[in-house]
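Have a look at the structure below, then the notes.
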Amino acid sequence: MLLFAANYIAFTGIRSLLSTIQGYEEMRPLERSGTYIANLDPESEPDLASITNADMQKTFDYIQSSFDCAVYSDGYITELPDCDMEVALDYMSEEYCALLPFELAQGSIPCFNNDLDKDIPVVVGAGLSKAYPLGSEISVTDPALGHPVTYRVTGVLKQNACRSNFYSLNWKSYLNFSVLVPINEEFIENAGIDFHVNALMDLIVLNTTEEKTQKLGDTVADTLGFKLNFYTQSENNAEFKDNYLPALLLRFGLALVLFAAAAFIALRTKGLTVIHWAVLCAVCLAATAVLTAVDRHSAWIEKSTLVAAYGFLGLIGIDWLALAAVMIIDALLGAIIIVCKRKKLPLD
């Protein structure tokens, strides 16, 4: 049990670390000078009932005339025929797509100069590609526009394409059951207030200064009644590191203690051979893999759209990498134990 607990804790820590490294790499384009990301002030709360379309349009007119911005707005869930999972609708501007491009398995990124009176070209996740292959049409009531539209599929994302969070780099939202909708000025003008507020909260402002973003925050507060703070991604990374690193070190420290305890017991166990240790490690690794696969499968059972991911035997890439790392740790620990037993080193 000690070895299994050590394996599982080390596995989750290594997997989290790998996911964090992926997050850092994904967010690297946002670390360029002059790039700031909006964040709702924790003491501020938007009152949607008090915000008028005129005030919102005034705000976006100011933003579009004074700033270069990248917009990505998510959190919209709908249902589609021929799909057992709920589907996430994510909206992206051309600037966002250029800044943080998506990897496609088929097709191409849609044109952003689309007319709302015609079919809207979209990219779908891998989980939707069978029901909605390239060239197919999807009829849906668009939650941002508030009226029925027709999407036309022009691209399919790679399997397990995902997006990291600006503030929690270890967290991933998988896009297997997402529809990426391109937006332009016409789309933004015709969208509802909910969409505008959501877009403002994660607005990426490019080629600007801290003073200008402060002015933008003041304008939003005066016009719409809620406060936005703007931070660089480097500042977001630093805050994440301050919160994440102690928890990660605690997890690895606990795993180290458990590994040490397991090794101590193994040293005191008479007749322990390489084969015995290998079998014990294999059982612990298999149990870790099974628990992880069950957890991954639960996302499909619960229809957790942003968590569901495809993998071999229920495990995705970072799961297998973390499992391999733990296997190496077990092998090294086993080698140390066998050498100590052969040399009959004292336990103290």
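Worth pointing out:
- Heavy-atom SASA rank of Asp319, Asp218 (probe 1.4 Å, accessible area, largest first): Asp218, Asp319
- Highest average packing first - 22-34, 179-191, 322-334, Cβ atoms within 10 Å: 179-191, 322-334, 22-34
- Listed residue pairs exceeding 19 Å between alpha carbons, taken from Lys130/Lys158; Lys158/Lys241; Lys172/Lys212; Lys58/Lys212; Lys58/Lys215; Lys58/Lys227: Lys158/Lys241; Lys172/Lys212
- Taking amide H as placed 1.01 Å from N in the peptide plane, the amide H of Ile120 sits under 5 Å from that of Thr150, Tyr151, Arg152, each at least 5 places away or on another chain.
- Entry for volume of the Cα convex hull per residue in Å³ (calculated from the structure that is shown) out of [x] 136; [y] 238; [z] 158: [z]
- Computed over the chain: relative contact order in percent, which uses C-alpha pairs under 8 Å that are six or more apart: 28 percent
- Here the chain has 58 percent of its accessible surface on carbon and sulfur atoms, given a 1.4 Å probe and all protein chains in place.
- For the stretch 112-224: rounded, prolate or oblate by the Cα gyration tensor [a/c cutoff 1.5]: oblate
- Counted by Cβ distance under 12 Å from Ala325, the other residues give a net charge of -1, where Lys and Arg count +1 and Asp and Glu count -1.
- CD proxy at 222 nm, helix term only [per DSSP H run n ≥ 4: -39500 (n - 2.57); per residue of the chain; nearest 500]: -16500 deg cm²/dmol
- Difference of contour (0.36 nm per residue) and Cα-Cα distance, Glu186 to Lys158: 7.2 nm
- Using the Cβ-Cβ distance between Gln64 and Ala287 with R0 = 56 Å, the FRET efficiency computed as 1/(1 + (r/R0)^6) comes to roughly 0.50.
- Distance between the modelled labels on Val339 and Glu86, one decimal in nanometres: 5.4 nm (7 Å Cα→Cβ projection).
- The chain: angle of helix 274-301 to the longest principal axis, Cα-based, in degrees nearest 10: 20 degrees
- Area of His147 that stays accessible when all protein chains are in place (1.4 Å probe, Å², to 10): 80 Å²
- Of the trypsin sites (Lys or Arg not before Pro) in the stretch 245-348, the ones in a loop by DSSP (not H, G, I, E or B) with at most 16 other beta carbons within 10 Å are Lys270, Lys303, Lys344.
- Summarising the strand pairing of the stretch 103-236, around 75 percent of its internal DSSP beta bridges are antiparallel.
- Long-range HN-HN contacts of Ile77 with modeled amide H, under 5 Å: Leu89
- FRET efficiency for the pair Asp119 and Ile77, taken as 1/(1 + (r/R0)^6) with r the Cβ-Cβ distance and R0 = 22 Å, rounds to 0.50.
- Whole-number accessible area per residue in Å² for the chain, which is evaluated in the context of all protein chains at 1.4 Å: 50 Å²
- Net charge contributed by nearby residues that have their C-beta within less than 14 Å of Leu313 (K/R +1, D/E -1): -1
- The stretch 67-130 and the stretch 170-188 have Cα centres lying 5 Å from one another.
- FRET E, pair Ile265, Ser44, Förster distance 45 Å, beta-carbon r, rounded to 0.05: 0.25
- With all protein chains modelled, accessible area of Tyr174 [1.4 Å, Å²]: 20 Å²
- Cα gyration tensor category, rounded, prolate or oblate, for the stretch 234-327 with a/c compared to 1.5: oblate
- Shape call, the stretch 153-214: gyration tensor on alpha carbons, a/c limit 1.5: oblate
- The C-alpha atoms of the chain define a longest principal axis, and helix 317-343 lies at about 20 degrees to it.
The values are calculated or read from the model by the stated rules, or taken from the named source; none is laboratory data. None of these values were measured; they are calculated from a predicted model. Cβ atoms come from the backbone with ideal geometry, glycine included; neighbour counts cover every protein chain shown. Quick note on the areas: whole protein, heavy atoms, side chains included, nothing else; ligands and nucleic acids left out. Shrake-Rupley method; radii C 1.70, N 1.55, O 1.52, S 1.80 Å.
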